[in-house]
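Taking it in order: structure first as C-alpha cells, then the write-up.
The values are calculated or read from the model by the stated rules, or taken from the named source; none is laboratory data. The model shown is predicted, which means the values in this text are computed figures rather than measured ones. We place every Cβ from the backbone using ideal geometry, glycine too, and count neighbours over all the protein chains shown. Note: accessible area is taken over every heavy atom of the protein model, side chains too, but ligands, DNA and RNA are not part of it. Shrake-Rupley method; radii C 1.70, N 1.55, O 1.52, S 1.80 Å.
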Amino acid sequence: MSLYLIIAGLQIWSSFQSFLGGISYLRYFKKYLADGLGLNGFYTKLLCKKASIIVPCRGIDKGLEENLLSLFNQDFPNYEIIFVVDCLSDDAVSIIEKLRKRHEIRHSKLVVAGKAVGESQKIWNLRKAIEHVDAKSEFLVFADSDAKMQSYWLKSLILPLLNPRVGATTGYRWFVSEGFNLSSEICSVWNASIASALGPNQKSNFCWGGSMALSREVFEACEIQKHWRGALSDDFVVTNVLKRSGKHIVFVPAALTVSLIETSISEVLEFTTRQMKITRVYAPKLWISCLLGSALFTSFVLLSLLNLLYFRNSTLLTVICLSIVLFCSVAKSVLRLKAVSLILKDESFRVYWQFITHSTLWIASTLLYLYNSIVATFSRRITWRGIKYRLISQHKIEIIIADET
C-alpha cells in the first residue's frame, strides 16, 4: 500500500502540473489574441522587408494542393516561395507547377535538389534551397507541405524576429482526421500533448520545422547550414544551436497549422515511434522524461486496478486518486482544445468534435508514449518519406535504403 501511495502521489502531482500548464496555455492564446495577433502598431515595420518561404515536398500529402495554395495567399507584401524536390519525377511537381502558373504574380521557384548524400533528404533539400534565396530576403521561413496556413501566418511568424533577442519563431501542427477515424484521433491526441508544451517560456520552447522562421542574419551568424550537414532533424538542430547561443524561441499561436490525416494504427505506431527515436538522439533528456512520465502513469493505473480488484479496504482512496488524475487530464485536454479553437476557426467543426475524442483518448496516447519510448531504447532505425535511415549521432546518419522515385 505504501508503494501505491508514493506512485499515486507522484502521478497526482504530475497531473496537477499538467492541468496548470493547460491554464497557462489558454491564457497565452487569449493574451496573444487580445494583442491583435501581436501585430498592433508594428506591422508597418515589415512593409519594406522581404521574406523567402522554403517548402520541401515529397509525394502527395493529403490536401497538398490546398496546403500549397495557402502559401500563395499570404497577407504580406513582399515574399517569394521556393519549392524544393529531390527529382522532377516526384508526384508533387505537377501540382506545384499548376499553382505557380496560376499565381504568376507571386514570385516562386522550383528547385531540384537531387538525392541526399550523408544526411536526411529534407535537410539536403533545405540546404540546396537556401542557395536560391533572393539576396534581398531578410527572413527565412520554413513550411511543410502537409500543413495548411492561415492568411496571416507569414507576417505573424516574422514580426517577433524584429526583437534582436529572438532567434526563431515557431508554430506547430494540429492533426484533424478527414473523417472520423479512431487511429487518426489517437495520433491527434498524442501530437497535441507536444503542441501544448509550447507557450510563454521562450527559453524552454522548441522549433518545429513545418512552421518556423529565422532572420537571415541569425541563420548565418549561428551557421545553421553548417550544423545541418550530416543531420536528420532540421528543427532539433536549429533548437539546439539557438539555445547554445542564448537566443530565445517564440511560440506564435497564429502559426498553428492544420494537417489532415487519415491513418491506420500501424501507421500511427510507425509515425509516433519515429518521432521518439529522433527525440532520443537529439533531445535525450526529453526522451527520458517521456519514458518516466508514461511509465509512472501506467504503473499508477495498473496498481489502481489491483487495489480495486483485490484490496477492497482501499477502494475509497483509490477512487479518489483516480478521480483527481481523471479530472486534471480531461481538464487539460479541454483547456488545450479551447485555446486551439480560438485560432483554427476555419476548422471549428472538426475541432469541436475533438472535444469528445481528446477527452477520452488521452489514456491511449499516454500508453502509446510508453511503447514509443521503450522501442526507441533498442532501435535507431526509421523510415521517413520512403527512405530508411539509421541514426548514429546528432550529426551523422546512414541512409540504408533510398527509394527510386
Revision key, fill the gap. Residue set Val241, Val268; condition in contact (Cβ under 8 Å) with a residue 40 or more places away in the chain, buried (at least 16 other Cβ atoms within 10 Å of the Cβ) and more than 27 Å from Arg27 (Cα to Cα); output residue Val268
Check your understanding: List pairs: first in region 208-235 and within 21 Å of Asn67 (Cα to Cα) and among the hydrophobic types (A, V, I, L, M, F, W, C), second assigned to a helix (DSSP H, G or I) and open to solvent by less than 20 Å² (accessible area, probe 1.4 Å), Cβ under 6 Å, 6+ apart or cross-chain?
Key -> Ala213/Leu157; Ala213/Ile158
Review point. Which of the residues that make up region 338-376 are aliphatic (A, V, I, L, M) and within 18 Å of the chain's Cα centre (by Cα)?
Key: Ala339, Val340, Ile343, Leu344, Val351, Leu368
Exercise for review: Tell me which residues, restricted to region 271-292, are more than 17 Å from Ile397 (Cα to Cα), of a type in the set (S, T, N, Q) and open to solvent by 40 Å² or more (accessible area, probe 1.4 Å).
Suggested key: Ser289
Review point. For region 390-401, does any single residue satisfy the condition of being crowded, with 17+ Cβ neighbours inside 10 Å, of a type in the set (Ser, Thr, Tyr) and either at negative phi or assigned to a loop (DSSP other than H, G, I, E, B) (or both)?
Key: no
Check your understanding: Is it fair to say Lys98 is surrounded by fewer than 19 Cβ atoms within 10 Å (Cβ to Cβ) and more than 21 Å from the chain's Cα centre (by Cα)?
Key -> yes
Review point. From the list Lys62, Lys50, which residue is modelled with pLDDT under 95, under 19 Å from Arg173 (Cβ atoms) and in contact with a strand residue (DSSP E or B) (Cβ under 8 Å, 6 or more places away or on another chain)?
Key: Lys62
Study note, to complete from the structure: Within region 120-151, of all residues that are over 20 Å from the mean Cα position of the chain (by Cα) and of a type in the set (Asp, Glu), the one surrounded by the fewest Cβ atoms within 10 Å (Cβ to Cβ) is Glu131
Practice item. Within region 329-347, identify whether any single residue is out of contact with any Asp or Glu (no Cβ under 9 Å at 6 or more places or on another chain) and more than 23 Å from Tyr32 (Cα to Cα), and answer yes or no. Key: yes
Revision key, fill the gap. Conditions (1) surrounded by 19 or more Cβ atoms within 10 Å (Cβ to Cβ); (2) more than 19 Å from Arg336 (Cβ to Cβ) -> Tyr172 fails only (2)
Review point. Restricting the search to region 187-226, which residues are at pLDDT 95 or above, aliphatic (A, V, I, L, M) and open to solvent by 10 Å² or more (accessible area, probe 1.4 Å)?
Key: Val218, Ala221
